[in-house]
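Below: one structure, written as C-alpha cells.
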2 protein chains.
Amino acid sequence: MDPALAELAADLPAHALLTDPDQIEGYRRDAAADPLAGRPRAVVRATCTADVQSVMRWATRHRVAVVPRGAGSGLSGGASAVDGCVVLSTERMRAIRIDPATRVAVVQPGALNAEVKQAAAEHSLWYPPDPASVDISSIGGNAATNAGGLCCVKYGVTTDYVLGMQVVLADGTAVTLGGPRLKDVAGLSLTKLFVGSEGILGVITEVTLRLIPAQASPSTVVAMFDTVQDAANAVVAITASVRPAMLELMDHASINAVEDYGRMGLDRSAQALLLVQSDAPGDAASEVAHIVEACEKSGASEVFATDDPAEGAGFTAARRLVAPALMQLGTVLLEDVTVPIPTLPALLAGINRISAECDVLICVVAHAGDGNTHPVVVFDPDDAESQARAERAFSEVMDLAIAMGGTITGEHGVGRLKRDWLPKQLGDDVMWVTRRVKDALDPLGILNPGAVLRP
Amino acid sequence: MDPALAELAADLPAHALLTDPDQIEGYRRDAAADPLAGRPRAVVRATCTADVQSVMRWATRHRVAVVPRGAGSGLSGGASAVDGCVVLSTERMRAIRIDPATRVAVVQPGALNAEVKQAAAEHSLWYPPDPASVDISSIGGNAATNAGGLCCVKYGVTTDYVLGMQVVLADGTAVTLGGPRLKDVAGLSLTKLFVGSEGILGVITEVTLRLIPAQASPSTVVAMFDTVQDAANAVVAITASVRPAMLELMDHASINAVEDYGRMGLDRSAQALLLVQSDAPGDAASEVAHIVEACEKSGASEVFATDDPAEGAGFTAARRLVAPALMQLGTVLLEDVTVPIPTLPALLAGINRISAECDVLICVVAHAGDGNTHPVVVFDPDDAESQARAERAFSEVMDLAIAMGGTITGEHGVGRLKRDWLPKQLGDDVMWVTRRVKDALDPLGILNPGAVLRP
C-alpha cells in the first residue's frame, strides 16, 4: 500500500479501506453506468462521521479527489469515480432514530428511503418522498440530489422534508445545519443549499427529516387515452383545480414494456395511461369525480376508479416496473426533463418528433402532475450507430426542454451525464454564482470534481 | 448634490433619487425601530430591475453600502440604514402577473402579500404564506426573510412557494434563478439560498411564486385553558395526529390586550386560548372532533367549535390584533423563538420564569403548531431601568430557546437586532460557512452590511 493510503488506513477502522481492484470495481459507477467513469485508488466504507472527517482531512492534506457515494442508485453519474480518487461510501452508516413526539427522523446517510418510511410507519408517521428507487436508494443520496418521486405532486420533494443535517466540509470540519425545528430563519438557508448539492460542497453524514401523520388510504383512477396529447391535456385539466396525491403518465411503449415484463393487466392498445390517486380524507369521492370528469372531457377511451387500496397499489406497482421493464429492451438513456404544466402536451409532441427524426425508440413515463417527464431512449449498445442516434436524441430532448422554459433535470440531478447542458439552461452568470459558492466551500476542488461543474 | 450622487442620479429616472433629509428620515428604520439605525446619504426608489442594477453598479464603483428595503415592516432591523448608505427601496415595483394555467404568480418585490393573495384569488388560486403583516409587508421582504405566518403549520413557509426569482448581485449583474417549474434540480439550490438571505447576497427584483387551488372553507375550534401549560400540552396532543390549518396560542396578557384594544369577545379570565382551524375538505368534522377531544383531555375549561367561516374569521381577526394591541401597552421587544414541539410547554414555563425574574411583562402569542412563539416584552421607553430589564429578558429568552434546541428566529429574521445571538446558536463553524458564502457573492461587503453578520 502506498504511504499516503497507509496514513489514511491508520485513521480508519479495520476493513474500512478497500484497495483490492476487484472490490473497487463495483464502486466505479452508479446506476447511470457512466462509460467515462475513472479508476479510484481506494474505497472507504465509512462507519461514522469521524471516519468521513478522517477521509476529508487526509484528502485536503494530499489534494486527493473524493467522490461521495450513497447506495449507487443515481441516474446521472453523480457518483462516477474519477481517476485516482477515493470513493467515500456511506453504505454502512444506516442508523435511523424516530422521535415521534417531535415527528422527525434522524437518519444516517446510508439508510435506504424505504427503511426510513418503514421506521416512521411503526409510529403511524410518514416520510413522503418516494423516488421510484425507494427500495434501493439511500437517504443521503436522496438529500444530495433533492430526490423527487410520485407523491411530490401533492407532498413536495426531499428538500421540503430536510429540517437539518450534519455535513463534513472539504477540510474535514463537521457542521450541524438546521435542526428539529419546523420554522427556522436564523442565518442563511444553508441546509437548503446543501440539499441537491450532489456532493460538491460537502458530505452529508446525518439528516433530520420532517415526518407527517400517515397518509389516508388513497382512491385510484386509471384512464386510457387514444393519444398522448389527450392524456397530457387531461393532466392540465386535473391539476387546474385539485391536488391529486399522484398523477403519473405512461405512454404506449411503456405500457407494453411493463406488460412484456410483468403482465400487470394494462390495456396494451392504449396510447397513454394516466394513473391518478386522491388521498383527501372524506373528500376523495369528490376529487375522484373531478378527476374522472377531466379525463372523460379530455377524450379518455376508458376510465376506471377504485377505492380499494390493494387495487390501487397494483397499478402503482405496474408504474414502478417501467424502469426495469425498459432496461430489458436494450441499454437506456434516462431523461428527466421538466416543463411548466401547460407546456406538457407540446413537450410530448416534441419528444415524439425527436424520436422519429433520430429513428430511435423513446418511451415516456412521467410524473405528469409536476410536468416532470422521463423520456427513456432505448438503444442497442453493440450498434455504434444506434448509440449515436440515441445520444443525439438525449441531447435534443434537453435542448427542447430548455427552449420551452423547462429544466434538464427535475429530480435525478446533473451529475456528470448532464453537466455539459447545465450552462445552456442556467446561463453564464448563474454558472458564475455556482462556481463562486463551490470555490468558497471547496477551494481545492477535491469534492466530487466533475459533477455538476466542469473540473 | 455631491458628484458621486449626481452620477447615480443620471442613471436613474427623475425623482427616483431622494436626498432631502426630511424625506430620507422615513427610510432609516423598519418596524423594529432600531435605535442604532444610521443616516443614509440617499434613498433610491427603484422603478425596475435596471434601476436596481444601476444602483449596485454605482455602489460597487464607489464602495458604498446599499440597504435593500421592501415595505419597511421588518421586525428585526434587517432594513435599518447604516451611516452613508443608499437605501434601495422596491416600494414602486409592484407589478403582479398571474399565470393561471401554470399556477404561478410573477411578482415584483414591492407588491404587498395581500395584493398577491387577492390577484391569485381572482383565478380561484391561493398564495398561502400569511405573516401577520400580510396587509403591509411586501413579497420581496417576505422572500428576503423567508416569512412565515399562521397557515404554515399545514402549508409551509415562503421558501416552499418560491419557484424562482430574479436577483441583482453586488456588482449589478441580474441573474434569473429557478423558474415556473415544480421540480428543478439543475445546479445548486440557489433560489433557496437567496430566500431568507436578508439582502446580504443580492437584491430580489422579481419572484415566481407557486400557487395552489383555493383553500376549502375552514372549521374553527376555540379552546380556553386555566393554565398555559395545559394549552401547550393540547398543542402537542393535537399535532400528534392531525395537520390543522392553523394552531395559534394566546396567553392571558395577550387576550386582555386584545380585549382592551378591540373588544373581540374573548374570555378575559382564561390563562390561555387556542385558536385552531381545520380545512380538510369533507373531513373537517373528524379533524374537529379530534382537536376538541385533545383540548378537553388536556384540561380545557371551555371548547367551542364552529363551521361558520365568518365566525372563524372573527377569531382570526382577534388573533391578528395582538401585535397592535400590545403596542398600546408600551414599547415592545418582539421575540420570535421556535422550539421543537414537545419542548413548547417547558419554553412557556421558562418565559414565565424570566418574566418574573426580570420583573417585566412578557405576553405570549404563538404559532404554536410550529413551536414558533412570539413572547412580547413590554416596557416603558421613558424608564431606562425598565428598558434594561426588558433587554435582559429579551436576551434570556433567546438563550433559553438555544439551550432547548430551538432557534432565535422562526420567521422574522436575524437582521441587526438578533445578530449578536446568531453565533451562539450556529457556532463558529457554521458562521464560517456563512461568511464564506457572503464573501463569495459580495466581496466588497456593500450589501446590507451589519445585517445577519457583523460588518
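Some points to look at:
- Inter-part distance where the range B:324-357 and the range B:128-147 are each reduced to a Cα centre, Å: 22
- Student exercise, the range B:1-87 dipole from Lys, Arg, Asp, Glu Cβ charges, in Debye to nearest 20: 220
- Counting only Cβ charges, +1 for Lys and Arg and -1 for Asp and Glu, the dipole size of the protein assembly as shown around its Cα centre is about 2060 debye.
- Listed by Cβ neighbour count within 10 Å, with the fewest neighbours leading, A:TRP126, A:TRP421 appear as A:TRP126, A:TRP421.
- For A:GLY445, net neighbour charge (Lys/Arg +1, Asp/Glu -1) across residues whose Cβ lies under 14 Å away: +2
- Of the residues B:SER124, B:SER355, the one with the fewest other Cβ atoms within 10 Å heads the list, and the complete ranking is B:SER124, B:SER355.
- Of the cross-linked pairs A:LYS154/A:LYS418; A:LYS154/B:LYS183; A:LYS192/B:LYS192; A:LYS192/A:LYS424; A:LYS438/B:LYS192, those separated by over 18 Å at the C-alpha level are A:LYS154/A:LYS418; A:LYS192/A:LYS424.
- Calculated log₁₀ intensity ratio I(q)/I(0) where the Debye formula runs over C-alpha points of the range B:1-87, q = 0.14, 0.25 Å⁻¹: -0.44, -1.31
- Prolate is the label for chain B, because a/c, from the alpha-carbon gyration tensor with a ≥ b ≥ c as root eigenvalues, is 1.5 or above and a/b exceeds b/c.
- Using θ = phi - 60° in the Karplus curve 6.51 cos²θ - 1.76 cosθ + 1.60, the 3J(HN,Hα) couplings for the range A:195-201 round to 5, x, 8, 6, x, 8, 10 Hz; x is entered for Gly and Pro.
- Amide H within-cut-off set for B:GLU411, under 5 Å, with H built and near neighbours excluded: A:VAL185
- With Rh defined as the Kirkwood radius, the inverse of the mean 1/r over Cα pairs, the Rg/Rh of the range B:94-211 is 0.94.
- Partner shielding of A:96-104 amounts to 3, given as the average count of beta-carbon atoms from other chains within 10 Å of each residue beta-carbon.
- Whole-Hz Karplus values for the range A:263-275 come out as 6, 9, x, 7, 7, 5, 7, 5, 7, 7, 10, 10, 10 Hz, taken residue by residue from phi with 6.51 cos²θ - 1.76 cosθ + 1.60 and θ = phi - 60°; glycine and proline positions read x.
- Selection of trypsin sites (Lys or Arg not before Pro), the range B:3-69, meeting DSSP coil and at most 16 other Cβ within 10 Å: B:ARG63
- In a DSSP loop and with at most 15 other Cβ atoms within 10 Å, the GluC sites (Glu not before Pro) in the range B:77-148 are B:GLU122.
- Inter-copy label distances at A:ALA6, shortest first and taken from points set 7 Å along Cα to Cβ: 7.4 nm.
- For the range B:215-321, a/c is not less than 1.5, where a ≥ b ≥ c are the root eigenvalues of the C-alpha gyration tensor, and a/b does not top b/c. That puts it in the oblate class.
- Per residue of peptide A:422-434, the mean number of Cβ atoms on other chains within 10 Å of the residue Cβ is 4.
- Least to most buried among A:LEU188, B:LEU125, B:LEU12 (fewest other Cβ within 10 Å first): B:LEU12, B:LEU125, A:LEU188
- Distances between placed amide hydrogens fall under 5 Å for B:SER301 paired with B:MET224, B:PHE225, B:ASP226, all partners being 5 or more residues away or on another chain.
- The 3J(HN,Hα) values that the Karplus relation (6.51, -1.76, 1.60; θ = phi - 60°) gives for the range A:95-110 are, in residue order, 5, 10, 10, 9, 10, x, 5, 7, 6, 9, 10, 9, 10, 6, x, x Hz. Gly and Pro appear as x.
- Alpha carbon convex hull of the protein assembly as shown, projected area averaged over orientations, nm²: 36.7
- Unit charges at the beta carbon, dipole of the protein assembly as shown: most positive-side option, A:MET431, B:GLN387, B:GLY70: A:MET431
- Projecting 7 Å from Cα along the Cα-to-Cβ direction, the label point of A:ALA349 sits 6.6 nm from its equivalents in the other copies, listed shortest first.
- Inter-label distance, A:ALA388 to B:ASP267: 8.2 nm, where each label sits 7 Å from its Cα along the C-beta direction.
- Under 13 Å of direct C-alpha separation, and excluding same-chain neighbours fewer than eight residues apart, B:LYS117 reaches these aspartates and glutamates: B:ASP130, B:ASP135.
- The other copies place their B:ALA317 label points at 5.6 nm from this one, listed shortest first, where each point is 7 Å from Cα along Cα→Cβ.
- Summarising the strand pairing of the range A:52-181, around 70 percent of its internal DSSP beta bridges are antiparallel.
Every number here is computed from the coordinates shown, using simple stated rules; none is lab data. Here the structure is a predicted model, which means the values were calculated and not measured. Every residue, glycine as well, gets a Cβ built from its backbone with ideal geometry; the counts of neighbours run over all protein chains shown.
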